[in-house]
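Below: the structure, in structure tokens.
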Amino acid sequence: MRQCRLSLGTFALIAAPFYLNDLANLWVSDWRGWLAIDYLGVKLLPLVLIYRAVRRGEITPGGLGLRAQSPGAFGLTFTGVAVAGILIDQNAYVLLEGLPGYPPLGGMPPITSPAWNWFDLTAGLLAVGAMEELVFRGAAAAWLGRHLSSPMAVVAVSALLFGLIHWSGGAHAVLVTGLIGAMLMSVYLVTRALPALMLAHVAINFVNFAGVVPKTLFRLT
């Protein structure tokens, strides 16, 4: 069986919630409502849509990158990608500071409950890492690979698609996340395995949002 028969419509349907979800950053001020939209919209809904695509035979789990790696390959992939992603995330904004763009349009409201805050920084970030990698690396590579013969083109288009899901964070956020997305896709096209990338994605976000690991450890300037 072919590993991917995803149509444009199916891929667009799976990816659309990520673009629409940023509207909550503009209009939702209560963290409870924001979490409800986020967990249902970009965690549960895309997972259900991917499950349906697998059940219909449009793609296989292997075609989505759900493959095992050897412990050595897993550890090397996770460590390299996590460190590279954190370095990009913590330094690229400084390099882009003088470039024109548009400012952040909104953001996630602060979670005032410590229990819910740590739930979001653990289980929530795990879900983010898993779903964004499934959609914007696994599914995107499978779908784009049907239409683009050049791996560089797959990396470039997927980086744009990934960067734009962060549109409410401002132009620099789109550029920085797009750059991280390009790095993640480049590694994925070599390994064709997502688990280590999912965990590395979690590590990148955890350093940025949790406030547990000093960000200065990764600042080059």
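The values are calculated or read from the model by the stated rules, or taken from the named source; none is laboratory data. Not measured: the values here are computed from a predicted model. Virtual Cβ from ideal backbone geometry, glycine too; neighbours counted across all protein chains shown. Only protein heavy atoms, including side chains, enter the accessible area calculation; ligands, DNA and RNA are left aside. Shrake-Rupley method; radii C 1.70, N 1.55, O 1.52, S 1.80 Å.
Annotations
- Each Lys or Arg adds one and each Asp or Glu subtracts one; over the other residues with Cβ under 15 Å from the Cβ of Trp31, this totals -2.
- Most mobile of Leu95, Leu49, Leu121 in a GNM of the chain (Cα contacts under 10 Å): Leu95
- Theoretical ellipticity at 222 nm over the chain - DSSP helices of four or more residues, -39500 (n - 2.57) apiece, nearest 500: -19000 deg cm²/dmol
- Placing R0 at 45 angstrom, the Cβ-Cβ distance between Ala73 and Ser29 gives a FRET efficiency of 0.50 after rounding to 0.05.
- Solvent-accessible area of the range 1-137 (1.4 angstrom probe, protein heavy atoms only): carbon and sulfur portion equals 72 percent.
- Taking the chain as a Gaussian network of alpha-carbon nodes connected by springs under 10 Å, the highest mean-square fluctuation of the residues Asp30, Asp22, Asp120 belongs to Asp30.
- Helical segments meeting 24 Å axial Cα length and Kyte-Doolittle -0.5 threshold in the chain (DSSP H): 71-95, 171-191
- Length-normalised contact order for the chain - Cα pairs under 8 Å, 6+ apart - percent: 33 percent
- What the chain shows is 49 Å² of accessible area per residue, with the surface traced by a 1.4 Å probe over protein heavy atoms.
- A Cβ-based charge dipole, computed about the Cα centre of the chain with Lys and Arg at +1 and Asp and Glu at -1, lands at about 740 debye.
- Relative contact order for the range 12-114: 47 percent, from Cα pairs under 8 Å spaced at least 6 residues apart, divided by residue count.
- When peptides 189-197, 148-156 are ranked by their average number of other Cβ atoms within 10 Å per residue, the highest-first order is 189-197, 148-156.
- Value of relative contact order over the range 117-221, rounded to a whole percent, pairs C-alpha under 8 Å and six or more apart: 32 percent
- Note on the chain: GNM, Cα springs under 10 Å; of Leu175, Leu44, Leu161, the largest mean-square fluctuation is that of Leu44.
- Selection from Leu189, Ile165, Asn208, by position along the positive dipole direction of the range 91-221 (Cβ): Leu189
- Whether the range 82-208 is rounded, prolate or oblate, judged on the alpha carbon gyration tensor where a/c under 1.5 counts as rounded: oblate
- Cα→Cβ-extended label distance, 7 Å offset, between Phe119 and Ser150, nm: 4.7 nm
- Between Thr112 and Leu13, the modelled label-to-label distance comes to 4.0 nm, taking each label 7 Å out from Cα in the direction of the beta carbon.
- Overall, the range 36-111 carries a charge dipole of about 480 debye about its Cα centre when +1 sits on the Cβ of Lys and Arg and -1 on the Cβ of Asp and Glu, all other atoms neutral.
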